[in-house]
């Protein structure tokens, strides 16, 4: 998703903001797994299967092709036309 953020070139929109927008629009879930609708349409794909080991969630690798980059770009542009850029809470670094 970092490469997608670089390719779509929207000021102040990086990987984290893109994920936040996609989650809000229910394009991906909390584990970054795309909804089946978007997989079927060919916009997004899953690189690794989603599974649980001993109660611990194994995260999904989201795969995005050229069509997916265009789809995400248009989705973010349309979202930002009606909304402000979502703010991300930063954790304070604790230095020991």
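Quick look at the values:
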| item | result |
| --- | --- |
| Over the chain, relative contact order from alpha-carbon pairs under 8 Å, at least 6 apart, % | 26 percent |
| The chain: Cα Rg divided by the 2.2 N^0.38 Å rule of thumb | 1.17 |
| Helix-only [θ]222 nm of the chain, DSSP H runs n ≥ 4, -39500 (n - 2.57) each, per residue, nearest 500 | -12000 deg cm²/dmol |
| Virtual spin-label span in nm between residue 53 and residue 41, 7 Å along Cα→Cβ | 3.4 nm |
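Laboratory data are not the source of any read-out in this text; all were calculated from the coordinates shown. Since this is a predicted model, take the numbers as computed values, not measurements. Backbone-built Cβ (ideal geometry, glycine too); neighbour counts: all protein chains shown.
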